[in-house]
Amino acid sequence: MSENKERRCGNCDACCTVLNIGPPLDKPAGTRCMHLNGHGCGVYANRPAPCAQFRCGWHLGHGKNADRPDKVGVMLHAVPVADGTVLAEAGIRIGIQAYELREGALERPGRGVNLVRDLSTSAPVTILHTDGRRRLVGPPEVIERIQAAMAARDAAWRPEGDASPSPTPG
């Protein structure tokens, strides 16, 4: 999906808080960026490359104009899946992350839940709740492939003679 040039971040600064931003900021996920000043980014014109290159799902055109992350409490982000991960072993190449910006935004009926539900009919979506919980939703056949990849990986690491069942993903 290409960038929707008509959509502007405005007062939304969700990505400036929820994302882990490496060098030169070295900002951990879940912390406000030091450059936020109450009116947006204080260094916007000269912001670091990771910030300048980032586009959330809304900015790329997913959802309605009214579905801006700060309005619905959910920020969507598509990320390439790294080789060697369980998702890659299940044949997934793009992962979608749904960051809950306000507690309960992904548990109560509303636009945020609708956005994730719509996406999860065709792709796996990792839901990242404000309290640290993670949940994977998606088409049943894709979830089954991911669970099979997890079970195969778990079996490969199980000590010889250990017949305990592997945990079921929640």
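Things worth noting here:
- Size of charge dipole - region 21-135 - debye, nearest 20, with Cβ of Lys, Arg +1 and Asp, Glu -1, no other charges: 300
- Cα radius of gyration and Dmax for region 10-54 (Å): 9.5, 25
- Global geometry of region 81-133, whether rounded, prolate or oblate, following the gyration tensor of its Cα atoms and the 1.5 cut on a/c: oblate
- Residue 121 paired with residue 43, simple spin-label distance in nm, labels 7 Å along Cα-to-beta-carbon: 4.3
- Surrounding net charge for residue 85, when Lys and Arg each add one and Asp and Glu each subtract one, Cβ distance under 15 Å: +1
- Inter-site label distance for residue 54 and residue 93 at 7 Å from Cα along Cβ, in nm: 2.6
- The modelled label-to-label distance between residue 17 and residue 133, using points 7 Å beyond Cα along the C-beta direction, is 2.0 nm.
- Placing unit charges on each Cβ (+1 for Lys and Arg, -1 for Asp and Glu) gives the chain a dipole about its Cα centre, and among 41, 56, 87 the Cα reaching farthest toward its positive end belongs to 41.
- Share, in percent, of DSSP beta bridges within the chain that are antiparallel, nearest 5: 75
- Within-13-Å neighbourhood charge of residue 131 [Cβ basis; K, R +1; D, E -1]: +1
- Amide H to amide H, with H built 1.01 Å from N, residue 127 comes under 5 Å of 98, 135, 136, 137, counting only residues 5 or more places away or on other chains.
- Region 31-44 - phi-based ³J(HN,Hα) in whole Hz, Karplus 6.51/-1.76/1.60, Gly and Pro as x: 10, 5, 5, 5, 8, 5, 10, x, 10, x, 7, x, 10, 3
- Backbone phi angles across region 98-108, fed through the Karplus curve with coefficients 6.51, -1.76 and 1.60 (θ = phi - 60°), yield HN-Hα couplings of 10, 8, 7, 8, 10, 3, x, 4, 9, 10, 9 Hz in residue order; Gly and Pro are listed as x.
- Axis of helix 111-120 versus longest Cα principal axis of the chain: the two differ by about 40°, to the nearest ten degrees.
Computed from the coordinates by the stated procedures, all read-outs in this text should not be read as laboratory data. Quick caveat: nothing in here was measured; it's all calculated off a predicted structure. Note that we place each Cβ from the backbone using ideal geometry, even for glycine, and neighbour counts take in every protein chain shown.
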